[in-house]
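A quick write-up on the structure given underneath.
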Amino acid sequence: VGLHNCGLRRPNYLLDTARCTLSFNSRHRKKHQDSRALWKHEAVQKYLETLSKEYQQVSHLLNADSINDFEQRTLQRRCADLSPIAAAFQEIKEAEKEVQELEAMCRELDNRDEKQLLELALEEKETLDKKINTLCRKLFQLLVPKEKYDRSHVILEVTAGRTTGGDICQQFTKEMFEMYQNYADYKCWTFDIVNYTPAEIGGLHHAAAHISGDDVYRHLKYEGGTHRVQRIPETGLSSRMQRIHTGTMSVIVLPQPEEVDVKVDPKDLRIDTFRAKGAGGQHVNKTDSAVRIVHLPTGLAVECQQERSQQMNKEIALRTLRAKLYQQIIEKQLSQEQSARKTQLGTRAQSERIRTYNFTQDRVTDHRISYDARNIKEILSGKEALDKLINRLLEFAEIEAVTEYLENLQALEGGGC
């Protein structure tokens, strides 16, 4: 009894086909800004019912004596994929049934003016609502495919932009780099500085770090892009006149798989040594320990100046260069696969402003999801507030992926495919 012989139709499954992208500009997705709203969509319910029925069929077939070893392995893999989805789907339905019963009870208690019992019932309903929201998020995380590089370590680079009238770009770049350093500490990741080029007035021109830990790229992949700052400088004429200046800095996040198999011909490299700049120990400005490597065919250049040993700096710089060359391969693949849609991650478009930090209004705005967060200091501290913003982006991306998949599926069904 094979999969096709038994009449079991395997639908185009999200784990196999959907792509998690952030387009952030589709009008049709505004109504699905959270997992709970998307859960209520008729197409989602229909799709999950299909998967739930398939899980029951697969479980039934696994108990049949007539299947061969190959079919059994295929069914076991499919069952492993479907089991957590079916379980979460059923748990949400049961929780919603409890909510309906509580709502009926609340109406009855309200009519009888039983205030104390009504308050208890409302508290229980609120707890159940939170549980359903959490389960919906978990369900869509199961449906959305894990990106190939989600578990990878990353190379994170920050670069100050240019502005007229001062040093706010360099100062902001320093604050942003420290924010990601604190966030790495908050997430118990390892943050190793690879390059650090300070500005004369106390800010930062450019810096790079290697960040390793659990799911680093998954959490940082949507940080890449142009970040804008609006603030009144602390010194100078603008500070006395209370004039707001606008500046920018850019963030690049490169996934770095543990094994980066990129062949680099030594003949294609120009290696320069120079003295390190900035804070870094007694060896700074005394020995030519810093290393700059230029990949001549592509023009890519990397630097490392953090270690005392020139050889160690050279090894780190080579590793960073391989990651950048590997990223070019990834971007080429993405541009081929997603030529019809530019995504912020797919293009690494540094000209796209993704977020604004308005100090005068104490507000951080992520323009891709129209999300405002108050208390800039909390965001820049790199702890819970930043983690909340990043998770909001991840949730939105999951909703985008599910919505896009269902729209494509409906279009295919509507076309008779």
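Before moving on, here are some points about what is shown:
- In the stretch 84-102, the qualifying residues are those that are in contact with a Lys or Arg (Cβ under 7 Å, 6 or more places away or on another chain) and of a type outside the set (Val, Ile, Thr), and the one that is surrounded by the most Cβ atoms within 10 Å (Cβ to Cβ) is ALA88.
- Among the numbered conditions (1) under 17 Å from the mean Cα position of the chain (by Cα); (2) of a type outside the set (S, T, N, Q); (3) modelled with pLDDT under 95; (4) not in a loop (DSSP other than H, G, I, E, B), the only one that TYR183 does not meet is (3).
- Residue list for the stretch 308-347, filter: modelled with pLDDT under 60 and open to solvent by less than 30 Å² (accessible area, probe 1.4 Å): THR343, GLN344, LEU345, GLY346
- In a residue-by-residue description of the stretch 43-57, the property of being open to solvent by 60 Å² or more (accessible area, probe 1.4 Å), of a type outside the set (Phe, Trp, Tyr) and more than 30 Å from LEU394 (Cβ to Cβ) applies to at least one position.
- Among the residues making up the stretch 58-83, those that are in contact (Cβ under 8 Å) with a residue 60 or more places away in the chain and either open to solvent by 80 Å² or more (accessible area, probe 1.4 Å) or of a type in the set (S, T, N, Q) (or both) are SER66, THR74.
- Single condition CYS79 does not satisfy, out of (1) modelled with pLDDT of 90 or more; (2) closer than 30 Å to LEU120 by Cβ: (2)
- Across the stretch 129-164, the qualifying residues are those that are touching a residue at least 60 places away in the same chain (Cβ under 8 Å), in a helix (DSSP H, G or I) and open to solvent by less than 20 Å² (accessible area, probe 1.4 Å), and the one among them that is farthest from ILE211 (Cα to Cα) is ILE132.
- Cβ-Cβ under 6 Å pairs, at least 6 apart or on other chains, the stretch 169-181 side within 12 Å of HIS205 (Cα to Cα), far side hydroxyl-bearing (Ser, Thr, Tyr) and open to solvent by 10 Å² or more (accessible area, probe 1.4 Å): CYS169/THR163
The values are calculated or read from the model by the stated rules, or taken from the named source; none is laboratory data. All of these numbers come straight from a predicted model, not from anything done at the bench. We place every Cβ from the backbone using ideal geometry, glycine too, and count neighbours over all the protein chains shown. Heads up: the accessible areas ignore ligands, DNA and RNA and are worked out on the full protein's heavy atoms, side chains in. Shrake-Rupley method; radii C 1.70, N 1.55, O 1.52, S 1.80 Å.
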